[in-house]
Amino acid sequence: MMLQLQLQNKLPIPGKTNLDWYLFDQMMSDYHNQPMLEVGVGRGGSAIAMSEHTNKLELIDSWDQTWPKKPVEDIFEKYEIPVKFIDGKSGSLDVLASIKSQYKFIHLDANKSYEGTLDDLEKYNSFCDGVICVDDYLQSMWPEVTRATDDFVKNSEWNRILIGNHQVFLSRKKQTPASRKITLKFPVVLRNDEVHLTYGKLPEDVDRFMEVTNKKMYTWHTTAWK
């Protein structure tokens, strides 16, 4: 229901933008009604998109930037969506002590500095036994996010299994059912853990996220394929 409301512009904020929203939706589909966490909620668009896939959603934000918490709370209350808010800085001891779960899907969208991004990855990866999505990867406005994520992957057991326009999905596995499905459907070139810029037609079910009619676009993808 929430996905349709967002796609029909009946909610104040979309989930993500275009192709990244489609990939985000597809990658969460492996973990239906399993625990999920978002770190950095903002106006709540991605959190609402996550609620389409789980009734076990927890949200971390300090609410000390330009967006207030109440409009986000109001949306979840209006549509009777179960959610747990954990208020505080992403890396603070109080916040980390509040986490009681292991999550199948974590969305990191808080810190944009090198130190902050790396700190979030180092702290939250221990709470995840599925997929971590890092927002703003390959986003030119925040290059430190990409550098920190790459350094984390280089020095850990985590792999980059899929890269969107401005996000990356990490897993301890080489692939997940959703990442395999995406890479089979998309016109991508695959070669062990290398990123390729490809050009081709997108699957028809991307259209509802794109507001286009199956046009050709450039997209970034990667997979560590066995």
Exactly one condition in (1) open to solvent by less than 60 Å² (accessible area, probe 1.4 Å); (2) at pLDDT 90 or above; (3) under 27 Å from ARG208 (Cβ atoms); (4) not acidic (Asp, Glu) is not met by LYS78; state its number. (1)
Sort out for me the helices (runs of 4 or more DSSP H) sitting completely within segment 74-155 that have 3 or more residues that are under 26 Å from THR176 (Cβ atoms). 114-124, 143-154
In segment 41-54, what count of residues is obtained for those that are surrounded by 20 or more Cβ atoms within 10 Å (Cβ to Cβ) and more than 19 Å from GLY164 (Cα to Cα)? 6
Considering segment 134-158, residues that are acidic (Asp, Glu) and in contact (Cβ under 8 Å) with a residue 12 or more places away in the chain, and then whichever is surrounded by the fewest Cβ atoms within 10 Å (Cβ to Cβ), we arrive at GLU157
Residues of segment 12-34 satisfying the condition of being farther than 20 Å from TYR79 by Cβ and open to solvent by less than 40 Å² (accessible area, probe 1.4 Å): LEU19, ASP20, TYR22, LEU23, GLN26, MET27, TYR31
Within segment 120-133, identify whether any single residue is farther than 30 Å from LEU96 by Cβ and either at pLDDT below 95 or open to solvent by 80 Å² or more (accessible area, probe 1.4 Å) (or both), and answer yes or no. no
Check segment 90-111 and report whether any residue there is within 21 Å of SER156 (Cα to Cα), charged (D, E, K, R) and open to solvent by 10 Å² or more (accessible area, probe 1.4 Å). yes
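Give the number of residues within segment 166-179 that are surrounded by fewer than 19 Cβ atoms within 10 Å (Cβ to Cβ) and within 21 Å of THR17 (Cα to Cα).
0
The values are calculated or read from the model by the stated rules, or taken from the named source; none is laboratory data. All of these numbers come straight from a predicted model, not from anything done at the bench. FYI the Cβ positions are ideal-geometry reconstructions off the backbone, even for glycines, and counts take in every protein chain you see. Heads up: the accessible areas ignore ligands, DNA and RNA and are worked out on the full protein's heavy atoms, side chains in. Shrake-Rupley method; radii C 1.70, N 1.55, O 1.52, S 1.80 Å.
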